[in-house]
Amino acid sequence: MSPRRHLISLLLFTANYGSDGGCYPAVGLPAAHAFVSPVQPRSKKKKYASIIATNRRGQPLRVSESALWMENSSSSDAPSSKGLLLPTATLASLSLVTLAAFTQHLPGPLIDATAPPLFFGTLPFGVFFSGSCDPYSSSLIFRDVASTMLCIAGAAVFVKSITSQVSLGNIESRDSRKIIHTLSAPLFILLWPMFSNAFGARVFATIIPLLNALRLYAAGTGGHKQSTSESELAGAISRSGDAEEALGGPFIYVMVLIFTTFFFWTDSPIGIVSVATMAVGDGLADLVGRRLGSSNKWSFNKSKSMAGSAAFVVGSFVGSYGLLFWLTSLGAMEPLGMGTMGIAGRLLAIAVICAGVELIPVGDDNWSVPISA
């Protein structure tokens with residue numbers, strides 16, 4: 001087949017795809033080789049489409065009609081508008097925050113603690129942003145934009161690597177749920193040193209968990225019109241396979257991450273320890289408890305085990321200490337002003353207290369544990 005014929009076939013296929021109410025690409029065939037035959041007018045009954053394709057020698061091929069089942073108007077319309085929610089939100093949020101930075105509505109690097117930065121000082125919570133700042137330079141803005149884009153891409157790759165394994169049957173959904181729970185927040189925090197020292201960098205970073213919250217919303221409310229990625233995500237983070245579970249614990253988890261990123265950032269270890277305890281501690285408690293805790297259940301809470309509680313303490317302590325050491329050693333966070341033993345003692349006490357809170361069968365661990373921390 002000549003290059004011109006390839007180009008014409010691709011244009012014809014692109015023009016017909018979706019515009020006639022239900023043409024779908026031939027599975028396993030290059031798009032440039034697919035020709036879509038005219039589809040009969042739509043009726044109330046479901047129709048089949050016939051797709052004729054040619055191989056590289058121009059010989060005709062016919063795709064099995066069983067793979068081309070056409071749904072009626074209730075399910076074969078264009079994809080739900082929710083499919084555009086995430087890319088639209090990504091572009092809009094990143095554009096707005098970048099514009100705010102260039103117009104100096106976002107503060108640059110903090111220089112002292114005498115007065116609130118511009119704009120932030122006028123907000124009800126402006127007291128959290130005490131201090132005056134240098135201008136937000138173009139180089140810092142470009143660095144934060146690039147860091148945000150890299151984090152968005154990294155988050156998508158990480159989640160896809162887990163959800164695809166669930167779809168293939170290599171990982172059970174109850175395990176994938178806790179793997180995502182355990183690793184997603186710490187991996188995000190590990191990338192914080194990529195952002196600049198500008199005070200407004202936290203706003204760029206908050207975009208990442210905000211987009212994840214929108215994706216959970218789409219997965220939890222998509223119903224039968226979910227995209228493949230949304231369906232995979234809903235299946236990977238739910239205990240029973242019910243998509244609406246995405247709006248429960250996982251959604252609270254992301255909201256806690258949004259709050260700690262925006263308000264605490266690298267200014268205070270409070271947010272780091274809270275997130276590490278919620279993510280690593282609670283996640284490992286479930287993963288270890290289900291495997292090693294069948295014979296050592298707590299007498300007052302049969303759904304929890306001593307093995308799980310021990311994993312909670314170890315995971316919370318190691319996760320908190322590791323993240324604090326990482327951020328301070330790379331200069332993203334100021335030293336804590338106390339010795340190693342002092343830090344370790346406090347983190348261990350926090351881990352033990354939060355492990356006890358996790359045993360109380362009241363509320364959701366995704367908010368009770370970080371509040372306790």
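The values are calculated or read from the model by the stated rules, or taken from the named source; none is laboratory data. In this text the structure is predicted, and so the values were computed from the model without any measurement. Keep in mind that these areas ignore ligands, DNA and RNA; they rest on the heavy atoms of the full protein, side chains included. Shrake-Rupley method; radii C 1.70, N 1.55, O 1.52, S 1.80 Å.
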Requested in this report: Compute the relative contact order of region 259-333 as a whole-number percentage, counting only Cα pairs closer than 8 Å that sit 6 or more residues apart in sequence.
Outcome: 35 percent
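Can you sort TRP326, TRP298 by 1.4 Å-probe accessible area, starting with the largest? List each step's numbers first, then the result.
Working: TRP326 100, TRP298 70 Å².
In descending accessible area the options line up as TRP326, TRP298.
Over the alpha-carbon set of region 271-334, divide Rg by the Kirkwood Rh and report the Rg/Rh ratio to two decimals.
Numbers: Rg = 14.1 Å, Rh = 12.3 Å.
Reported Rg/Rh, Kirkwood definition of Rh: 1.15.
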Query raised in the report: Ranked by accessible surface with a 1.4 Å probe, highest first, in what order do MET194, MET341, MET306 come?
Result: MET341, MET306, MET194
Report summary line: Rounded to the nearest 10 Å², the 1.4 Å probe accessible area of HIS105 is 90 Å²
Query raised in the report: Could you sort ASP175, ASP286 by accessible area so the largest value comes first, with the probe set to 1.4 Å?
Result: ASP286, ASP175
Report task. Roll a 1.4 Å probe over the protein heavy atoms and report the accessible area of GLU172 in Å², nearest 10. Result -> 100 Å²
